[in-house]
Amino acid sequence: MNQEMKTTDPTPYRMPAEWAPHAATWIAWPHNAEDWPGRFQPIPWVYAEIVRNLALVEDVNILVNDEAAEKRVTRILLRAGANMARLHFHLWRTDRIWLRDSGPIFVKNAANENIITDWKFNAWAKYPNHLNDDRIPQHVSKTQAVQALQPMIGNHRVVLEGGSIDVNGAGTLLTTEECLLSDVQQRNPGISRQQLETCFAEYLGITQTIWLNRGCAGDDTHGHVDDIARFVNESTIMAAVEHNTADENHLPLAENLDRLRALKQFNIVELPMPSPVIFDGERLPASYANFYIANDLVLVPTFNDANDRAALNLIADQFPTRKTVGIHCGDFIWGLGALHCMTQQEPA
C-alpha cells in the first residue's frame, strides 16, 4: 500500500522543507474576476492582508500583468500598511495566481546553491489557458540568475504541481494516488508509480515516497495533498480528519490516516476540518491544512467556523517559535484554493 523506494546513488539535489529559512515568497496578484465569479471584489484586500503579514518577516516577489496593475496594487498595499521596502514587482503575465502549482520548485545542489526545477504546468490537466503560467519558472530563473532544470522521464517532460507534494526536507515526500496516478485529470499518461518515484529521487532528493489515496471534497485539482496532510517537522505529519461520518470527507480522510499510522516512523497529529463551505450549491475545498510556513510566521486559512480556534491552536503548538496568524478565507476559497496554493517559497 505504502511504497518506499531507496535510491542507490545519492542525488545531487535536495528539496528543503517549507520551514527552512526563506529568501522570499513568490505570489501572483489576482486579476481574473472569473476565478471568483461574483465574489472578486474582496479578493485583493485578502491578498493585501497576506502580503502585509509576509512582508513583516521576508521579501515578497509579486507578479503583475503590467505597469497599470503595479500602480493599482501598490495603492492597495500602501493602504493596507504593507512594508513596501520588502516588496518586489515583476511584470509577467499570468493566467491564474496559484504559484504553488505553476511557480518554480526550488531545490539545493551539492554546493547548497539554489536550483529551479521547472516542471511542466498544464493547469491540472483541466483548463486550456496555461501557457503564461507555464513560463513562470523560466522568468524566475533568468531574473534570479538561477539554473533551471526541466525534469524528464525519457522524452516526456514531467507534469507536477507543488500542491501535489509535501516534503520533510530529509528525503520523504507525501502525495496522493488520486492526483498523480489516476486517469482523471491525468498529468503524465503512461508514466508509472515507480517512474515517478525515480524522478522524485533524481530531481528532489527523495528516498521515500508516501502515497495517500484521495484528497478532499471540492478539490478542483483532483487530489492535492496540501489540503489533507502536511509535514510540520522531519518526523511529524498533520493529517486532516473529519469525524462527522455523514460527511463525504470522512472515509477518504480516515483511510489516509490509517495509511500514515501504519508507517510507525512518523508522529501523526490530527487536524480537524471546518464545517462544509458551500457556495452557489458547490462544495469548496476548505481545509486548515492549506497553511503556509514563512520565516517566523505561519499563515492559516480560517472560515468563521467553530473549529477555527482549535486548528489555529494545534498548528501553533507545532511551531512554537513562529507566530501563527489566521487569514479569513471565506471569500478566497471560492477561487478553489487558499494560502498554500497561492504561495511559493524561495529558500535562503
> Any residue in the stretch 238-245 that is among the charged types (D, E, K, R), under 20 Å from the mean Cα position of the chain (by Cα) and at pLDDT 95 or above?
Replying inline: no
> For the stretch 245-263, which residues satisfy the criterion of being surrounded by 15 or more Cβ atoms within 10 Å (Cβ to Cβ) and free of Cβ contacts under 8 Å to residues at least 12 places away in the same chain?
Replying inline: His250
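Condition check ((1) surrounded by 18 or more Cβ atoms within 10 Å (Cβ to Cβ); (2) farther than 17 Å from Arg259 by Cα; (3) touching a residue at least 24 places away in the same chain (Cβ under 8 Å)) across all residues:
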{"site": "Ala148", "(1), (2), (3)": "no, yes, yes"}
{"site": "Arg157", "(1), (2), (3)": "no, yes, yes"}
{"site": "Asn168", "(1), (2), (3)": "yes, yes, yes"}
{"site": "Gly171", "(1), (2), (3)": "yes, yes, yes"}
{"site": "Cys179", "(1), (2), (3)": "yes, no, yes"}
{"site": "Ser192", "(1), (2), (3)": "no, yes, no"}
{"site": "Trp211", "(1), (2), (3)": "yes, no, yes"}
{"site": "His222", "(1), (2), (3)": "yes, yes, yes"}
{"site": "Ile237", "(1), (2), (3)": "yes, no, yes"}
> What are the residues in the stretch 158-201 that are part of a loop (DSSP other than H, G, I, E, B) and among the hydroxyl-bearing types (Ser, Thr, Tyr), if any?
Replying inline: Ser182, Ser192
>> Tell me whether the stretch 225-246 contains one or more residues that are touching an Asp or Glu at 6+ places or on another chain (Cβ under 8 Å) and assigned to a loop (DSSP other than H, G, I, E, B).
In response: no
> Can you name every residue in the stretch 321-340 that is in a loop (DSSP other than H, G, I, E, B) and either crowded, with 17+ Cβ neighbours inside 10 Å or within 15 Å of the chain's Cα centre (by Cα) (or both)?
Replying inline: Arg322, Cys329, Gly330, Leu336, Gly337, Ala338
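Say we look at the stretch 257-286 and pick out the residues that are more than 22 Å from Cys329 (Cβ to Cβ) and of a type in the set (S, T, N, Q); which of these is modelled with the highest pLDDT?
Residue satisfying both the conditions and the ranking: Asn267.
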> Inside the stretch 105-124, can you point out the residues that are of a type outside the set (Lys, Arg), crowded, with 16+ Cβ neighbours inside 10 Å and in contact (Cβ under 8 Å) with a residue 60 or more places away in the chain?
Replying inline: Ile105, Phe106, Val107, Asn114, Ile115, Thr117, Asn122, Trp124
>> free of Cβ contacts under 8 Å to residues at least 40 places away in the same chain and among the aromatic types (Phe, Trp, Tyr): which single residue out of Phe332, Phe279, Phe303, Phe291 fits that description?
In response: Phe303
>> Of the conditions (1) in contact with a helix residue (DSSP H, G or I) (Cβ under 8 Å, 6 or more places away or on another chain); (2) under 25 Å from Ala48 (Cα atoms), Ala85 satisfies every one except a single condition; which number is it?
In response: (1)
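Based on what the data block shows, is Pro16 touching a helix residue (DSSP H, G or I) at 6+ places or on another chain (Cβ under 8 Å) and crowded, with 18+ Cβ neighbours inside 10 Å?
It is false that Pro16 is touching a helix residue (DSSP H, G or I) at 6+ places or on another chain (Cβ under 8 Å) and crowded, with 18+ Cβ neighbours inside 10 Å.
The values are calculated or read from the model by the stated rules, or taken from the named source; none is laboratory data. Here the structure is a predicted model, which is why all the values come from computation and not from measurement. Neighbour counts are summed over all protein chains in view; Cβ atoms, including those assigned to glycine, are modelled from backbone coordinates with ideal geometry.
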